[in-house]
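Working notes for the structure below.
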Amino acid sequence: MSEILENLFGSKAKTRIIRFFLLNPNESFSAVDISSRNILKSSDVRRELNVLSKIKFLNERNKKGRKVYSANASFPFYPELKSLISKANVFPQCRSLKKINGIGDVKLALISGVFLNYPKSKADMILAADNVNKSKLKSLMNNLEAEIGREIRYVLVSGEELKYRLDMLDRFLLDFLESPHDEVVNKLPKLKRFIEGIKK
């Protein structure tokens, strides 16, 4: 659906910027912030900000000597755009998830929250991995946040810690497993049986 939106809105830059502001409705950002957080060229960002400000989708003002932008909740199609964007924010449209195995020896990667439009979840992702490359993890999260349009709340544990938490029936982990979630990576064959057991 991300490709559909890119064609509908005319560009990847415009799609990411619209999504970014709809998912961060009460905050203001400079062009530099928007470019950095969405991994977009500054020239593309400035062009799209001009267009979106002209049609009043964005409010524009000066703050401490620099121009900042925020979403205009009074924009005529604001509710419809918010609904459309939220429907597009689901797995498997996030292409960067395919690179998750590259961060280390990943045993388990589960997603919920923003990926599945499930706001009640206390985390968007649970990762169990050993020998994690921190720079690759940071790059992965930056790319996912750029695709989604907001910060990802994730929990990273080692394979040993995950086993310990499951054995101890950790409440946070159980709540996550009992709630709507999807598997990106699962190298733990007994986990499905465990989940079925706690749902009975």
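The values are calculated or read from the model by the stated rules, or taken from the named source; none is laboratory data. All values derive from a computational prediction rather than experimental measurement. Don't worry about glycine lacking a Cβ; one is built from the backbone with ideal geometry, like all the others, and counts go over all protein chains shown.
Could you pull out every one of the strands (runs of 3 or more DSSP E) wholly within the range 24-122 that has 3 or more residues that are under 18 Å from VAL184 (Cα atoms)?
105-111
A quick yes/no check of all residues on (1) surrounded by 18 or more Cβ atoms within 10 Å (Cβ to Cβ); (2) in the same structural domain as LEU156 (by TED's automatic domain parsing):
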{"site": "ARG37", "(1), (2)": "yes, no"}
{"site": "TYR69", "(1), (2)": "yes, no"}
{"site": "ILE111", "(1), (2)": "yes, yes"}
{"site": "ASN131", "(1), (2)": "no, yes"}
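Can you spot a residue in the range 70-88 that is of a type in the set (Asp, Glu) and farther than 25 Å from LEU140 by Cβ?
yes
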